[in-house]
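The following block contains the structure, expressed as structure tokens.
The values are calculated or read from the model by the stated rules, or taken from the named source; none is laboratory data. These figures come from a predicted structure and were not determined experimentally. Methodologically, a virtual Cβ is constructed for each residue, glycine included, from the backbone with ideal geometry; neighbour enumeration extends over all protein chains shown. For the accessible areas, the whole protein counts, side chains as well, though only heavy atoms, and no ligand, DNA or RNA atoms are used. Shrake-Rupley method; radii C 1.70, N 1.55, O 1.52, S 1.80 Å.
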Amino acid sequence: AQSLALISDAAHMLTDAVSIVLALIAMRLAARPARGGFTYGLKRAEILSAQANGLTLLLLAVWLAYEAVRRLVDPPPVAGGLVLVTALAGIVVNVAAAWCISRANRSSLAVEGAYQHILNDLFAFIGTAVAGLIVLTTGFVQADAIATLVVVVLMVKAGYGLVRESGRIFLEAAPAHMDPDAVGDRLVGHPPVTEVHDLHIWTITSGQAALSAHVLVEPAGDCHAVRRDLERLLEKEYGVTHTTLQVDHVPDALLTVGRRGQDPADPHCADAHGPVHRQGPHDH
């Protein structure tokens, strides 16, 4: 048919198949129990799969954009009827595939990556069908390249989203919906907590956040009760169930003036990471 839009759809469907296979393999690996040096198991195999899917979308988009611009300048003849019929068949297939995978657990980035591939392919076939109809009725062959550019925009959007989200997890950033400063202030606002530092929030895999922190309480405070209360607070308000809290009584060194860690009598975190949260106004 000499149609770049159909070529892009064919290439995209091939990556759809690969993305589904990667998602299935990643889910099997993630289900394996933790052992040996992999103390979290292989849960991040799903994130690797999502990143691979995102990168393939971006690389494919670059190639298709180049070809589309080249064909806008020098368009070859396109068989509009064949393009239209093939695109309509592709729409039916991708509607069925998108419906099937939409029923899966899309909180997994691997599954979401496969779903984005199929959804983008559905939109691509719709654009291709429109382009085929235009070519068939008007003879405007550049419509084929224009439809390809529309598909490129959709692919870049989906690919960038997958790469960004998987990149945040690999770089151990806090989940996008959680503000570590706000979490620290919430923890330090729970009496008898006086300080929270070395607060770390990261994502192990899709939908599974983890948190660790060093918490100081008043000398008369019950460290064990505070730990239990904070764990319940984190689970109820933030949905974080994987927590590691070191709870100690506040040292006398906190009553002196100076930077934390300068007093050798203060044994707590001489080189604390991140801001120190205390009751009342403080820097973040």
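Relative to the longest principal Cα axis of the chain, at what angle does helix 109-138 sit, 0 to 90 degrees, rounded to 10?
The two axes meet at around 30 degrees.
Tell me, which longest segment in the chain has none of the trypsin sites (Lys or Arg not before Pro) that fall in DSSP loops with at most 10 further Cβ atoms within 10 Å? Walk me through the numbers before you get to the answer.
On the way: sites that count: 103, 259.
Here the longest run is 104-258.
Just the C-alpha atoms of region 65-180: what Rg/Rh do they give, with Rh taken as the Kirkwood radius?
With Rg and the Kirkwood Rh in hand, the quotient comes to 1.11.
For region 155-170, what does the Karplus curve 6.51 cos²θ - 1.76 cosθ + 1.60, with θ = phi - 60°, yield as ³J(HN,Hα) per residue in whole Hz, taken in order and with x for Gly and Pro?
The phi angles translate into 5, 5, 4, 5, x, 5, x, 5, 5, 5, 5, 5, x, 4, 5, 5 Hz.
Take every Cα-Cα pair in the chain and report what % of them are more than 34 Å apart. Working shown, then result.
On the way: 17297 of 40186 pairs.
Here the long-distance tail beyond 34 Å is 43 percent of all Cα pairs in the chain.
Further, regarding this structure: Just want the answer: with Cβ charges of +1 for Lys and Arg and -1 for Asp and Glu, which residue in 36, 163, 142 is farthest toward the dipole's positive end in the chain?
It is 142.
Continuing with the same structure: Quick one: net charge of residue 87's neighbours, Cβ under 13 Å, K/R +1, D/E -1? Before the final figure, lay out the partial values.
On the way: positive: none; negative: 9, 121, 144.
Net of charged neighbours comes to -3.
For residue 40, list long-range residues whose amide hydrogen, built 1.01 Å from N in the peptide plane, is under 5 Å from its own amide hydrogen.
Placed amide hydrogens put nothing under 5 Å from residue 40.
Another question about this same structure. So what is the orientation-averaged projected area of region 44-91, using the convex hull of its C-alpha atoms, in nm²?
4.7
On to the next question. Kindly give the semi-axes, whole Å and largest first, of the ellipsoid equivalent to region 123-198, taking each as the square root of 5 times a Cα gyration tensor eigenvalue.
Details: eigenvalues 559, 25, 9 Å².
Whole-Å semi-axes of the equivalent ellipsoid: 53, 11, 7.
Moving on to the next point. Relative to the longest principal Cα axis of the chain, at what angle does helix 80-102 sit, 0 to 90 degrees, rounded to 10?
30
Another question, then. Just the number, please: carbon plus sulfur as a percent of the accessible area of the chain, 1.4 Å probe, no ligands or DNA/RNA counted.
Numbers: 9410 of 14910 Å².
Roughly 63 percent, rounded to a whole number.
Another question, then. Helix 45-73 sits at what angle to the longest principal axis of the chain, using alpha carbons and giving 0 to 90 degrees rounded to 10?
The two axes meet at around 40 degrees.
Additional query: What number comes out for accessible area per residue over region 4-171 if the probe is 1.4 Å? Units Å², please.
Numbers: 8510 Å² over 168 residues.
In whole numbers, region 4-171 has 51 Å² accessible per residue.
Give me, ordered by chain and number, the residues 5 or more places off residue 195 or on other chains with an amide H under 5 Å from its own placed amide H.
The list, which skips near neighbours in sequence, is 216.
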